[in-house]
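Working notes for the structure below.
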There are 2 protein chains.
Amino acid sequence: MNVAAERKLTILNTALNLVRNMGFESLSIASLAKEVGMSKSGLFAHFNSKEKMHLMILDHAAYTFGNDVFKKSLKSKRGLPRLKLIVHNWVRWYKTGEGGTCPFLAAAVEYDAKPGPVKDRLQLHTNTLIATLNKSIELCIEQGHFKPKIDTKKVTFELYSIIIGHLVYIRTMELKSANKIFQASLDDLIKRNSA
Amino acid sequence: MNVAAERKLTILNTALNLVRNMGFESLSIASLAKEVGMSKSGLFAHFNSKEKMHLMILDHAAYTFGNDVFKKSLKSKRGLPRLKLIVHNWVRWYKTGEGGTCPFLAAAVEYDAKPGPVKDRLQLHTNTLIATLNKSIELCIEQGHFKPKIDTKKVTFELYSIIIGHLVYIRTMELKSANKIFQASLDDLIKRNSA
DNA sequence: GATTCAAACGAACGATCGTGCTATTGTGTA
DNA sequence: TACACAATAGCACGATCGTTCGTTTGAATC
């Protein structure tokens, strides 16, 4: 990889980590520069505006998430095994000490009520995420693992919901039993929809 | 009510609205002062520090939420009717145009990784919220509406999850069918646990 | 080795941040 | 009505914000 491209990747990875631990607004260009180890103006030149920086972080988050969660699940057989791996990868995103909250959730807090390019991008990525999850549930039907009659939109919603719920239980409440409860709910959800 | 107390209520209500639409960090003392219509230093005197302001907003959010969602549900008969009203009141919190995201979710984004009094308070309120929800589910068992054998912690988790999920579907994705999907999931959850 | 061009830097800008002061206003009580 | 005191305002502070500018560095090209 290019030297310049590597540098940019380092910046975006660092930025993503910071955003996932303190939100978007708290991430100043100066603090990010210090974290990366370069000057404020030097880092600024990579983005040319804070809004563009936010957009790039959002894109990088989507790219990273797509890789870590969805792409890595392709090595499992399509259908239920793959769906399970997706959930497993997803949950790992929140559990690792290096991780943090969902970057899209962080963006949502600050941008849901602020129309503009950032909110649009956030919406795009969130829609893609849900659509991808929905697709992998449809695959479960196709493979005969789930009942054909189920409402995949509803199942997608429920699965996404307990993942976000798990995030809150783990990070905000720091509940010891969060993993166990989540797993029980997940198993139950799968059982309800299994053929 | 006292003039001073009324003023403080106005300040806190305004602050809460702002927080629910742009997060905690974006809420500066100056911007809040302007919104309320008073001077920066005049408003500052009410809190004496930004951290204390965040704490008071958090407390006010908990108080308001407790009133709007839980206290107002007491007029319904205990058990399932009351639980349904709780959920109804809760969802209304997100749907009104004046509303916004969950203030505790907003705080979580910025404070989950920052140990200190604010995170402690956030944790306290979130725990209380979940405990109260759990209690009202236990009441459903007591009243014979829910099966006695169900794991109330798990049901609480699932109910809380779809409410948060609904919030994301409504506010971030702005999905037209969000209400319908949520209602279907809610009905399903109730049916699964009904005696 | 000279030239070129992008990357990074240091310094500075106006604006705003949170936070102290002191003075002034307003409210409730004697 | 006069007094006491809380509430608010005005002003200034150092720090930090996003941003601009001109300069310096470093690597690739000729």
Suppose R0 equals 41 Å. What FRET efficiency, 1/(1 + (r/R0)^6) with r the Cβ-Cβ distance, do A:Asp151 and B:Thr14 give to the nearest 0.05? 0.50
For A:Asp188 and A:Ser76, calculate 0.36 nm times their separation in residues minus their Cα-Cα distance, and state this gained length in nm to one decimal. 38.2 nm
For chain B, find the longest principal axis of its Cα atoms and tell me its angle to the long axis of helix B:80-95, 0 to 90°, nearest 10. 40
The protein assembly as shown, dipole about Cα centre (Lys/Arg Cβ +1, Asp/Glu Cβ -1), debye to the nearest 20: 880
Relative to the longest principal axis of the C-alpha atoms of chain A, give the angle of the C-alpha long axis of helix A:152-167, reported between 0 and 90° and rounded to the nearest 10°. 60
From the helices alone, meaning DSSP H stretches of at least four residues, give me the mean residue ellipticity at 222 nm for chain B, per-run term -39500 (n - 2.57), in deg cm²/dmol to the nearest 500. -22000 deg cm²/dmol
Trypsin sites (Lys or Arg not before Pro) restricted to segment A:122-195 and DSSP loop, no more than 13 other C-beta within 10 Å: A:Lys149, A:Lys176
Gyration tensor (alpha-carbon) shape descriptor, the protein assembly as shown, a/c threshold 1.5: oblate
Crossing angle, helix A:3-22 versus chain A [Cα axis fit, 0-90 degrees, rounded to tens]: 70
Using Cα-Cα distances under 8 Å and only pairs 6 or more residues apart, what relative contact order does segment A:59-131 have, in percent? 25
Relative contact order %, segment B:127-195, counting alpha carbon pairs below 8 Å whose residues are six or more apart: 36
With +1 on the Cβ of every Lys and Arg and -1 on the Cβ of every Asp and Glu, the dipole magnitude of chain B about its Cα centre, in debye rounded to the nearest 20, is 540
Based only on other Cβ atoms within 10 Å, what is the fewest-to-most ordering of B:Leu133, B:Leu74, A:Leu55, B:Leu159? B:Leu74, A:Leu55, B:Leu133, B:Leu159
Between copies, how far does the label point of A:Gln183 sit from its twins, in nm, shortest first, when each point is 7 Å from Cα along Cα→Cβ? 3.7
Does anything in segment A:107-143 have its amide N under 18 Å from the 7 Å Cα→Cβ label point of A:Lys84, and if so which residues? A:136-143
Which of the GluC sites (Glu not before Pro) across segment A:90-190 are loop residues per DSSP, with 11 or fewer other Cβ within 10 Å? A:Glu98
Environment charge of B:Leu9, counting only residues whose C-beta is closer than 15 Å and scoring Lys/Arg +1, Asp/Glu -1: -2
Under the classification rounded if a/c is under 1.5, otherwise prolate if a/b is larger than b/c and oblate if not, where does segment A:103-186 fall, given a ≥ b ≥ c as square roots of the Cα gyration tensor eigenvalues? oblate
Straight-distance crosslink candidates among aspartates and glutamates, where the alpha carbon sits under 13 Å from B:Lys147 and sequence neighbours closer than 8 are dropped: B:Glu138
Nearest-0.05 FRET efficiency for B:Ser49 and A:Ser39, computed from C-beta distance (R0 35 Å): 0.65
Could you work out the relative contact order of chain A, using alpha carbon pairs under 8 angstrom and six or more residues apart, expressed as a whole percent? 20
How much net charge surrounds B:Ala45 when only other residues with a Cβ under 12 Å from its Cβ are counted (Lys, Arg +1; Asp, Glu -1)? +4
Test of understanding: extend the Cα→C-beta vector of B:Thr128 to 7 Å, then name every residue of segment B:60-83 with backbone N under 19 Å from that spot. B:60-74
Residues with beta-carbon under 9 Å from that of A:Asp188, excluding A:Asp188: net charge, scoring Lys, Arg +1 and Asp, Glu -1? +2
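A short reminder: the numbers here are calculations on the coordinates, not readings from a lab. None of these values were measured; they are calculated from a predicted model. Glycine also receives a Cβ, built like all others from the backbone with ideal geometry; neighbour counts cover every protein chain displayed.
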